[in-house]
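Before any comments, here is the structure.
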Amino acid sequence: MVTRTEAEWGAFGASVTGAAHEQSGLPNQDAFTIRRHRDGIVAAVADGHGGSRFVRSQLGARFAVEVAARTGTAALESDTAPPDASALTTQVVDGWRDRVAGHVAAHPLTASEVAAVGDRAASAPQERLAYGTTLLMVVVTRRYGLLVQIGDGDIVIAHADGSVTTPVPDDGRNIASHTTSLCMDDTERHFRSAVLTGGGWPADVVLLATDGYGNAFVDPLWREQTMRDYLRLFTTRNTSSVEAGLPVWLADSAAAGGDDTTVVLLHRLSLGVDERQECGGGDG
Amino acid sequence: MGGNEGNRPARVDVPARPGTQLGRLALHFFLVLDCSGSMNVGGRIQALNNAVREVIPHLRAVADEHPGAAILLRVLAFSTGVRWVVADPTPVHDVRWVDLDAAGYTDMGKALSTLAEAVEAIATDGRALPPAIVLVSDGEPTDNFDLGLQELNMTRLGRHAVRLAVAIGHEANTAVLARFQDTGREDAPAAPLEAHNPEQLVRAIKWASVAVSLQASEGSWEDDWLVPQPTDLSEGPAVW
């Protein structure tokens, strides 16, 4: 029998193209990644901006999650408990900008792309604007949960007692289709973060989602019921069935809401039916 | 592991979807219409009724062709005081137009104050799309326009709303209508659309309604107008 510590995590994700993009022939502009480490998991989702100016936002989103994964993994390697959120943010921003600059150098904007991007926006240089994206990332270990976000989207935490929270502070500027972005000149100022340790950690389920997921629910208070449903699934069903269900559920959201929809779920392995069976406990 | 694409898997033995009912985000579209006594001159109120009746199918087409939002229409009429003609957010496919009559003064400020209350209520849902608003008038506000505009601009969504105005005839105060349109967008039209005959009114209201709806449902924070202003709006003789 494999012995697992209580704080070990599982994770999986899925991403589905929105109905609006399918209709217009645009690609999925979301991205996600999950990186496992001996001490924890790093996960990230990103939503490349829609709109005609953001001609390479699909790439911007992919670069964002890749940089987030690399940066988060380095933080786990450094064994700092927990990492400094501000320092990690700076590393992510610098890494993304370097990645974009390198891509532009190797693949300059075409004339049509330059025309689409237009003159420099008040908030971002032209090259970075083309790659504009949000980013949500978490680094979770047995000792802490580090949550970092710029732009819209959701990071939601649930505990086995049914409590559901959103520890990352809101940003009132993310309203009416407006969102802060990695492409902004002063983007570091717009990051929000939360560090969970002690009594507030570990959580039992963590959800990262691009805004297409939450926006597809009719009820603006969708988080509570949704997270309790996920808790119930993780405690009563095999993890594989939940993982198989996720892309099906996201397809429903993408069809209903029209937007690209991406979710990553992290769950404490001790919750799971299969985990409890393996360890000789639970009702199975 | 990572990715940015997904196929639709077969629905075999997957649990029921977590969460509650799904649906499109609401796009709140407001028509704010002048029904003052001067709208009886030269058949203006009949032309306005005809224009609204003609624009509804175009709004339905926008709703059908763009799955990102559900267009919900409300109509506010102002003359001496204001009244909601379509008070509840109504799917455009369910709207049945009943002709408006015209009489009284031009309480445009009160209209904007009333609109501000409705716009602020939308913001309680943090996911709200920017409202789309078209204001139509043939005259001069007879109440405190500045207060009403200030109240609208102070709402959380007021300056994010996509706002256009249509001026009917030569007596319309285009300066106040231009101030209504000004939300700070760099490419905001400097002047309201002008209609000087019934056909121009139909074209103006049609373009304005479709433009604000598309911009509100699909426009990003850095987009230019998605629907360029047509060049034939001013064709035909001026009768107003």
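For segment A:112-125, the criterion of being more than 14 Å from A:Ala43 (Cα to Cα), more than 14 Å from chain B (Cβ to nearest Cβ) and of a type in the set (Lys, Arg) is satisfied by no residue at all. Restrict the check to segment B:177-189 and report whether at least one residue is at pLDDT 95 or above, part of a helix (DSSP H, G or I) and over 25 Å from B:Pro228 (Cβ atoms). Checked against the condition, which is being at pLDDT 95 or above, part of a helix (DSSP H, G or I) and over 25 Å from B:Pro228 (Cβ atoms), segment B:177-189 yields no hits at all.
Taken over segment A:60-90, the criterion of being β-branched (Val, Ile, Thr) and either modelled with pLDDT of 95 or more or touching a helix residue (DSSP H, G or I) at 6+ places or on another chain (Cβ under 6 Å) (or both) is satisfied by A:Val65, A:Val67, A:Thr71, A:Thr73, A:Thr89, A:Thr90. For segment A:46-61, a tally of residues being surrounded by fewer than 24 Cβ atoms within 10 Å (Cβ to Cβ), out of contact with any Pro (no Cβ under 6 Å at 6 or more places or on another chain) and facing chain B (nearest Cβ under 9 Å) returns 4. Just to be sure before I move on: is A:His190 modelled with pLDDT under 95 and touching a Ser or Thr at 6+ places or on another chain (Cβ under 6 Å) in the structure I sent? Yes; evaluated as a whole, the condition is true for this residue. Entry remark, segment A:212-237: residues being more than 7 Å from every other protein chain (Cβ to nearest Cβ) and within 22 Å of A:Val140 (Cβ to Cβ) number 9 in total. You will find that of A:Ser112, A:Ser24, A:Ser57, the residue that is more than 15 Å from the chain's Cα centre (by Cα), under 30 Å from A:Ala256 (Cβ atoms) and either modelled with pLDDT under 95 or among the charged types (D, E, K, R) (or both) is A:Ser24 and no other. Within the set A:Leu136, A:Leu129, the sole residue that is open to solvent by less than 30 Å² (accessible area, probe 1.4 Å), more than 30 Å from B:Thr183 (Cα to Cα) and either touching a residue at least 40 places away in the same chain (Cβ under 8 Å) or aliphatic (A, V, I, L, M) (or both) turns out to be A:Leu136. Scanning segment B:142-169 for residues that are in a loop (DSSP other than H, G, I, E, B) and either on the phi > 0 side of the Ramachandran plot or open to solvent by 10 Å² or more (accessible area, probe 1.4 Å) (or both) yields B:Thr142, B:Asp143, B:Asn144, B:Thr155, B:Arg156, B:Arg159, B:His160, B:Gly169.
Just one of the numbered conditions (1) in a helix (DSSP H, G or I); (2) touching a residue at least 24 places away in the same chain (Cβ under 8 Å); (3) of a type outside the set (Ser, Thr, Tyr) is not true of B:Arg74: (1). The residue list B:Arg8, B:Arg17 contains one member that is in a loop (DSSP other than H, G, I, E, B), farther than 27 Å from B:Leu152 by Cα, in contact with a helix residue (DSSP H, G or I) (Cβ under 9 Å, 6 or more places away or on another chain) and modelled with pLDDT of 95 or more, which is B:Arg17. If I go through segment B:20-45 residue by residue, how many of them are surrounded by fewer than 19 Cβ atoms within 10 Å (Cβ to Cβ) and either modelled with pLDDT under 90 or more than 8 Å from every other protein chain (Cβ to nearest Cβ) (or both)? Count: 5. It is to be established whether one or more residues within segment A:91-109 are touching a helix residue (DSSP H, G or I) at 6+ places or on another chain (Cβ under 7 Å) and within 14 Å of chain B (Cβ to nearest Cβ). Looking for residues that are touching a helix residue (DSSP H, G or I) at 6+ places or on another chain (Cβ under 7 Å) and within 14 Å of chain B (Cβ to nearest Cβ), one finds none in segment A:91-109, hence no. Among the conditions (1) within 11 Å of another protein chain (Cβ to nearest Cβ); (2) within 26 Å of A:Arg97 (Cβ to Cβ); (3) at pLDDT 90 or above, the only one that A:Val205 does not satisfy is (2). In the set (1) surrounded by fewer than 17 Cβ atoms within 10 Å (Cβ to Cβ); (2) more than 10 Å from chain A (Cβ to nearest Cβ), the condition left unmet by B:Ala16 is number (2). Taken together, B:Trp97, B:Trp84 contain a single residue that is part of a loop (DSSP other than H, G, I, E, B), surrounded by fewer than 17 Cβ atoms within 10 Å (Cβ to Cβ), free of Cβ contacts under 8 Å to residues at least 60 places away in the same chain and of a type in the set (Phe, Trp, Tyr), which is B:Trp97. Where helices (runs of 4 or more DSSP H) fall entirely within segment A:46-154, those with at least 3 residues that are within 28 Å of B:Ser217 (Cα to Cα) are at A:57-78, A:111-117, A:126-130. Out of A:Asp185, A:Asp259, A:Asp252, one residue alone is modelled with pLDDT under 95, open to solvent by 20 Å² or more (accessible area, probe 1.4 Å) and at the interface with chain B (Cβ under 10 Å from one of its Cβ atoms). It is A:Asp259. The residues in segment B:204-240 that are open to solvent by less than 70 Å² (accessible area, probe 1.4 Å), within 18 Å of the chain's Cα centre (by Cα), modelled with pLDDT of 75 or more and not hydrophobic (A, V, I, L, M, F, W, C) can be counted, and the count is 4. Do we have B:Gly68 as within 14 Å of chain A (Cβ to nearest Cβ) and small (Gly, Ala, Ser) here? Against the criterion (within 14 Å of chain A (Cβ to nearest Cβ) and small (Gly, Ala, Ser)), B:Gly68 qualifies. In the set B:Gly104, B:Gly139, only one residue is open to solvent by 40 Å² or more (accessible area, probe 1.4 Å), touching a Gly at 6+ places or on another chain (Cβ under 9 Å) and assigned to a loop (DSSP other than H, G, I, E, B); that residue is B:Gly104.
Of the residues making up segment A:15-45, those that are more than 9 Å from chain B (Cβ to nearest Cβ) and crowded, with 23+ Cβ neighbours inside 10 Å are A:Gly40, A:Val42, A:Ala43, A:Val45. Looking only at residues of segment B:154-187 that are touching a helix residue (DSSP H, G or I) at 6+ places or on another chain (Cβ under 6 Å) and small (Gly, Ala, Ser), we find that the one that is farthest from B:Ala216 (Cα to Cα) is B:Ala167.
The values are calculated or read from the model by the stated rules, or taken from the named source; none is laboratory data. Since the model is a prediction, treat every value here as computed from it, not as a measurement. Because the Cβ atoms are built from the backbone with ideal geometry, glycine has one as well, and the counts that use them run over all protein chains shown. For the accessible areas, the whole protein counts, side chains as well, though only heavy atoms, and no ligand, DNA or RNA atoms are used. Shrake-Rupley method; radii C 1.70, N 1.55, O 1.52, S 1.80 Å.
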